[in-house]
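Novice: There's a structure below that I have some questions on.
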Amino acid sequence: MITYQSKCYNPNKQYKRYVRCDAAGKFFFCEVENGYDVAQGIAYESEIKPDIVKAAKALIGCFPSYVEWPY
């Protein structure tokens, strides 16, 4: 679910995408182009591959905590 979307966001384009997990076990993602977020939002564990979930959970409490989340 997208909670922020820039004016230049193109839903037909695939951006670099990253996901992180917070201490409560919630997942958040961002889509990036040229170093800027073009979209941010909430992700659900069920839609993320298990190896990406594991990597994101391993970084809880670390900075930076985002891991690449390929399409």
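The values are calculated or read from the model by the stated rules, or taken from the named source; none is laboratory data. All figures in this text were calculated on a predicted structure; none of them were measured in a lab. Note: ideal-geometry Cβ built from the backbone for every residue, glycine included; neighbour counts use all protein chains shown.
Novice: Determine, yes or no, whether Val53 is surrounded by 12 or more Cβ atoms within 10 Å (Cβ to Cβ), assigned to a helix (DSSP H, G or I), modelled with pLDDT of 95 or more and in contact with an Asp or Glu (Cβ under 6 Å, 6 or more places away or on another chain).
Specialist: Details: surrounded by 12 or more Cβ atoms within 10 Å (Cβ to Cβ): yes; assigned to a helix (DSSP H, G or I): yes; modelled with pLDDT of 95 or more: yes; in contact with an Asp or Glu (Cβ under 6 Å, 6 or more places away or on another chain): yes.
Judged against the criteria, Val53 is a match.
Novice: Can you pull out every residue in the stretch 1-50 that is assigned to a strand (DSSP E or B), of a type outside the set (Ser, Thr, Tyr), out of contact with any Lys or Arg (no Cβ under 8 Å at 6 or more places or on another chain) and at pLDDT 95 or above? Walk me through it before giving the result.
Specialist: In the first step, residues of the stretch 1-50 are kept if they are assigned to a strand (DSSP E or B); the result is 2-5, 16-21, 27-33, 36-43.
After this cut, where a residue has to be of a type outside the set (Ser, Thr, Tyr) as well, the list is 2, 5, 16-17, 19-21, 27-33, 37-43.
Cutting the leftovers down to out of contact with any Lys or Arg (no Cβ under 8 Å at 6 or more places or on another chain) gives us 2, 5, 16-17, 19-20, 37-41, 43.
Selection gives Gln5, Lys16, Arg17, Val19, Arg20, Asp37, Val38, Ala39, Gln40, Gly41, Ala43.
Novice: Output the qualifying pairs, or none if there are none: Cβ atoms under 6 angstrom, residues six or more apart or on different chains, first residue in the stretch 31-57 and at negative phi, second residue assigned to a helix (DSSP H, G or I) and surrounded by 17 or more Cβ atoms within 10 Å (Cβ to Cβ).
Specialist: Glu45/Val53
Novice: Looking only at the stretch 1-32, count how many residues are surrounded by 14 or more Cβ atoms within 10 Å (Cβ to Cβ) and either over 14 Å from Trp69 (Cα atoms) or in contact with a Ser or Thr (Cβ under 8 Å, 6 or more places away or on another chain) (or both).
Specialist: The initial filter retains those residues of the stretch 1-32 that are surrounded by 14 or more Cβ atoms within 10 Å (Cβ to Cβ), namely 5, 9, 15-21, 27-32.
Checking the rest, the ones that are also either over 14 Å from Trp69 (Cα atoms) or in contact with a Ser or Thr (Cβ under 8 Å, 6 or more places away or on another chain) (or both) come to 5, 9, 20-21.
Of the residues in the stretch 1-32, 4 are surrounded by 14 or more Cβ atoms within 10 Å (Cβ to Cβ) and either over 14 Å from Trp69 (Cα atoms) or in contact with a Ser or Thr (Cβ under 8 Å, 6 or more places away or on another chain) (or both).
Novice: Collect the residues in the stretch 56-70 that are within 11 Å of the chain's Cα centre (by Cα) and assigned to a loop (DSSP other than H, G, I, E, B), keeping them in residue-number order.
Specialist: Start the filter on the stretch 56-70 by keeping residues that are within 11 Å of the chain's Cα centre (by Cα), which leaves 56, 65-70.
Within the stretch 56-70, Ser65, Tyr66, Trp69, Pro70 meet the criteria.
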